[in-house]
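Here is the structure we will look at, set down as structure tokens.
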Amino acid sequence: MKKDIIISGVGGQGILTIAATIGTAALIEGLHLKQSEVHGMAQRGGDVQAHLRISSGPIASDLIPEGEADLIISVEPLESLRYFNMLNTDTGWLITSMNPYNNISNYPQLEEILNAIWKLPRYVTIDAEKVAKDQGSIKAANIVVLGAASPFLGLKYTSLEKALEKMFSRKGQDMVTLNLKALKAGKNYTEKHT
Amino acid sequence: MEKLLLLGDEAIAQGALDAGISGVYAYPGTPSTEITEYIQSSKQSKENTVRSLWSANEKTAMETAIGMSYAGKRAMVCMKHVGLNVAADPFINASITGANGGLVVVSADDPSMHSSQNEQDSRFYGKFAQIPVMEPSNQQEAYDMTRYAFELSEKMGVPVLMRVTTRLAHSRSIVSRTDKPLQQNSLRLPSSPKQYILLPVNARKQYNGLLQKQDIFEQDAADSGYNVFIDGDDKSLGIIACGLAYNYLIENFPDFKIPYPVLKISQYPIPADMVKKLVDEVEEVLVMEEGYPLVEELLRGLLNEGKKIRGRMDGSLPRAGELNPKLVAKSLGMEVHNGFDLPGVLVGRPPLLCDGCPHTDSFLALNEVMKKYSRGRVFSDIGCYTLSALPPLESIDTCVDMGASITMAIGAADAGLVPSIAVIGDSTFTHSGMTGLLDAVNNHSPITVFILDNSTTAMTGGQHSSALNRLDDIVKGVGVDPEHIHVIKPLRRLHEENMKIIKKEVEYEGVSVVIARRECVQTLARRMKLKALEKKKAKQTAS
Ligand SMILES: Cc1ncc(C[n+]2csc(CCOP(=O)(O)OP(=O)(O)O)c2C)c(N)n1
Ligand code: SF4
């Protein structure tokens with residue numbers, strides 16, 4: 001088992017929470033893991049990404065080789081485009097939220113962005129904010145996206161649930177429940193739409 | 001053995017704690033900041049009272065650590081690569097005094113300049129100081145080598161430099177921790193009483209001692225196990241892979257089995273015998289290193305008349321920027337995969353000042369004042385406020401190194417550019433702006449220094465600023481005329497008022513200081529959250 005995952009978004013959108021959840025789940029399953037993160041300058045509303053590699057064997061590089069990512073998980077549609085060059089053209093999936101984070105003056109038309117994504121052979125585009133709101137809070141939109149990506153991670157769904165419980169227990173049972181629901185809703189969406 | 005999921009930076013920190021350090025001394029800087037932050041929040045560090053407050057700058061950090069080493073205890077100093085420029089004087093001289101308690105200097109390089117002004121390679125500083133350098137290739141090595149570096153430092157009686165780069169510093173993996181951490185040293189002054197008095201008569205002796213140790217350093221690098229020769233059947237090529245480059249190399253081969261002989265380098269000075277063994281048996285050599293072509297240049301020599309040496313200097317690998325698995329594969333003539341083409345609609349998303357950032361209001365006022373002058377007069381410094389170089393603000397004209405705003409403004413004013421403005425953050429001001437301000441006062445320079453006091457070191461994530469609650473007194477103490485020191489609150493509703501003050505001082509032909517004081521909205525939000533949490537806790541325990 002080996003999955004190379006790019007997680008992308010804008011600084012402050014919670015991509016490290018997604019990475020940490022997958023990472024924790026991978027450790028629960030006894031897998032190897034490397035996770036390269038962006039810190040520092042790029043966090044002020046700029047683009048951020050993490051490279052997450054999980055595998056049943058040892059992992060060499062901290063960076064995913066170009067053109068070999070199995071998965072791009074993006075919490076922002078424009079940001080998902082930034083890593084097209086990383087995606088494996090034969091097998092790679094792109095999972096992204098359709099909710100734009102518009103903090104630049106030249107933000108393209110959403111339609112043009114989605115059209116570029118819809119040209120890929122394998123993708124899931126999800127209105128994560130709406131799905132999250134339906135589950136109780138827009139704050140869980142990043143976990144909705146994770147849920148939408150969950151069928152492609154090569155991990156047991158229960159491991160992801162355990163990981164979320166572990167990560168959010170500090171913040172109270174309400175937060176755990178909300179995020180578990182968000183995860184499930186994301187998963188259901190993908191199962192219905194692929 | 002306990003297993004921990006750690007960033008490369010955190011592995012170094014944990015390694016240092018388990019090596020029995022008594023103190024870490026540092027000034028923040030990406031990608032080194034998390035080393036000190038880990039120690040600051042570690043339980044182990046609190047239990048053992050490991051000293052870990054931020055220093056005013058890298059030079060003071062280095063000197064304080066030298067003092068702790070002098071007193072016999074183990075000390076670590078951490079900084080980003082350009083910080084080592086600031087600390088270069090004590091760093092080089094510490095190689096002459098030698099170390100008593102273990103002294104390890106960590107310098108985190110930033111090839112590709114993700115958040116830096118340059119991509120200088122700290123290994124050259126190790127060579128310059130003629131001390132051993134460690135360059136881990138993964139998180140486990142980062143952990144193990146830190147302890148080894150302390151042992152080496154005490155065994156050889158010299159400081160040891162540890163060099164990491166961004167991708168290791170900020171990448172997480174599992175690290176096995178030792179069951180046998182070292183205890184801290186007890187107080188013990190150097191046995192040789194004149195070692196730290198670098199008068200020429202002593203310094204010459206000390207320097208000779210350092211020169212004599214060079215062969216032992218090299219021998220240790222051959223024996224420690226951190227430099228390894230891995231044989232391969234195909235002798236058409238030999239590979240030297242330094243630090244992180246080794247990972248990118250093996251990434252390209254199934255089961256990590258390389259057909260060519262490989263020399264993995266993680267400790268310097270490079271053992272000549274190991275290099276000779278490799279070079280002798282292969283037809284040509286490919287050198288992979290993150291940063292400058294240090295090893296490659298050594299191997300080539302000035303005349304480059306020996307075997308063919310490939311790497312960054314002949315274009316096999318790019319001359320600048322960080323390596324990655326694909327670049328390494330290409331240099332080996334291997335087939336590489338391409339992903340999908342980047343769509344035409346993609347646009348960049350540069351970092352911005354946060355919504356509500358105090359710097360924005362400061363610059364809006366300054367911009368309006370500067371409208372009536374020709375452009376090119378605003379000398380800035382390094383911090384969040386440097387982002388004001390970008391649209392929409394486009395307020396500043398320079399950013400060179402920490403502290404350079406004030407001193408460059410003095411020089412430009414001397415040249416006739418009057419008025420000249422310096423813009424500097426509170427943390428940068430106490431890092432290296434204070435001395436420049438003293439120059440300005442002594443020089444009667446017609447400059448206005450705009451100190452943007454957001455009461456934190458924001459750029460690197462909101463660390464404690466040495467300037468906190470001291471700024472006004474420092475400015476007065478340096479000798480700025482109190483009539484020309486103003487504190488304003490950068491808020492949209494005070495725009496007119498603030499502008500008037502700035503305008504008046506910009507027109508004044510002497511040294512003036514305007515302190516714009518309002519807390520960074522990020523640290524403010526964090527403080528409020530913590531406060532609310534504490535309140536909630538207190539309530540719970542009370543009921
Ligand atoms: C010699 C050196 N050390 C450290 C850094 C990293 N660095 C850049 S800006 C900065 C902090 C600036 O803080 P401050 O001046 O208060 O400005 P703020 O970011 O809070 O606006 C640091 C630590 C550097 N670029 N150079
Ligand atoms: S982190 Fe603070 S100082 Fe930096 S841009 Fe944001 S609000 Fe401004």
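The values are calculated or read from the model by the stated rules, or taken from the named source; none is laboratory data. Every value quoted in this text rests on a predicted model; they were computed, and no experiment measured them. As a convention, Cβ positions derive from the backbone with ideal geometry for all residues, glycine included, and neighbour counts pool all protein chains shown. Note: accessible area is taken over every heavy atom of the protein model, side chains too, but ligands, DNA and RNA are not part of it. Shrake-Rupley method; radii C 1.70, N 1.55, O 1.52, S 1.80 Å.
Just a few scattered comments:
- Of all the options A:106, A:142, A:88, the one that moves most in a Gaussian network model of chain A with Cα springs shorter than 10 angstrom is A:106.
- Note on surface exposure: B:279, A:176 rank B:279, A:176 by accessible area, highest first, 1.4 Å probe.
- Basic side chains Lys and Arg get +1 at the Cβ, acidic Asp and Glu get -1 at the Cβ, and with that the dipole of chain B about its Cα centre reaches some 1720 debye.
- Protein accessible area in segment A:80-194, 1.4 Å probe - carbon and sulfur %: 49
- DSSP-assigned coil residues among trypsin sites (Lys or Arg not before Pro) in segment B:345-422, each with at most 16 further Cβ atoms within 10 Å: B:371, B:372, B:375
- Chain B: relative contact order in percent, alpha carbon pairs under 8 Å with at least 6 residues between: 11
- When B:464, B:495 are compared by accessible area at a 1.4 angstrom probe, the order from most to least is B:464, B:495.
- Note on B:346-357: average number of Cβ atoms from other chains within 10 Å of each residue's Cβ is 6.
- Three-way shape call for segment B:358-524 based on the alpha-carbon gyration tensor, with the a/c threshold at 1.5: rounded
- All lysines inside 17 Å of residue B:308 as judged from Cα atoms, apart from same-chain residues fewer than 8 positions distant: B:235, B:276, B:277
- Taking a ≥ b ≥ c as the square roots of the eigenvalues of the Cα gyration tensor, an a/c ratio of 1.5 or more together with a/b larger than b/c marks chain B as prolate.
- Angle between chain B longest axis and helix B:404-414 axis [Cα atoms, degrees, rounded to 10]: 60
- Take every DSSP beta bridge whose two residues both sit in chain B; close to 20 percent of them are antiparallel.
- Cα-based reach from residue A:192 at 25 Å (exclusive), listing lysines while leaving out same-chain residues under 8 positions away: A:3, A:119, A:130, A:133, A:139, A:156, A:162, A:181, A:184
- Mean separation of Cα contacts under 8 Å (6+ apart) over length of segment B:260-363, as relative contact order %: 17
- Surface burial for A against B, with a 1.4 Å probe and both sides summed, reaches about 4000 Å² of accessible area.
- The angle between the Cα long axis of helix B:521-542 and the main principal axis of chain B comes to about 90°, on a 0 to 90 degree scale.
- In segment B:110-219, lysine pairs closer than 22 Å at Cα, eight or more apart or cross-chain: 10
- Dipole in debye (nearest 20) - segment B:331-463, about Cα centre, beta carbon charges: Lys, Arg +1; Asp, Glu -1: 340
- The protein assembly as shown - mean residue ellipticity at 222 nm from DSSP helices (-39,500 (n - 2.57) per run, n ≥ 4, rounded to 500): -12000 deg cm²/dmol
- Counting only protein heavy atoms and a 1.4 Å probe, chain B has 43 square angstrom of accessible area per residue.
- When chain A is treated as a Gaussian network with alpha carbon springs shorter than 10 Å, the biggest mean-square fluctuation among A:129, A:29, A:161 belongs to A:29.
- Taking the centroid of alpha carbons for each part, segment A:106-129 and segment B:13-44 are 43 Å apart.
- Total formal charge among the other residues, if their Cβ is under 12 angstrom from that of residue A:119, Lys/Arg +1 and Asp/Glu -1: -1
- Shape of segment A:46-98 from the C-alpha gyration tensor: prolate (a/c of 1.5 or more and a/b above b/c, with a ≥ b ≥ c the square roots of its eigenvalues).
- For chain A, averaging the sequence separation of C-alpha pairs within contact (under 8 Å, six or more residues apart) and dividing by the residue count gives a relative contact order of 21 percent.
- Principal axes of the protein assembly as shown: Cα extent on each, largest first, Å: 71, 68, 62
- Of the residues making up segment B:430-478, those losing 40 Å² or more of accessible area when the isolated chain is joined by the remaining protein chains, with a 1.4 Å probe, are B:459.
- Taking a straight Cα-Cα cut-off under 24 Å and skipping sequence neighbours fewer than 8 places away in the same chain, the lysines within cross-link reach of residue B:504 are B:371, B:372, B:476, B:489.
- Ordering B:72-83, B:394-405 by mean Cβ neighbour count within 10 Å, with the highest value first, yields B:72-83, B:394-405.
- Taking only protein heavy atoms and a 1.4 Å probe, the accessible area of segment B:3-212 is 54% carbon and sulfur.
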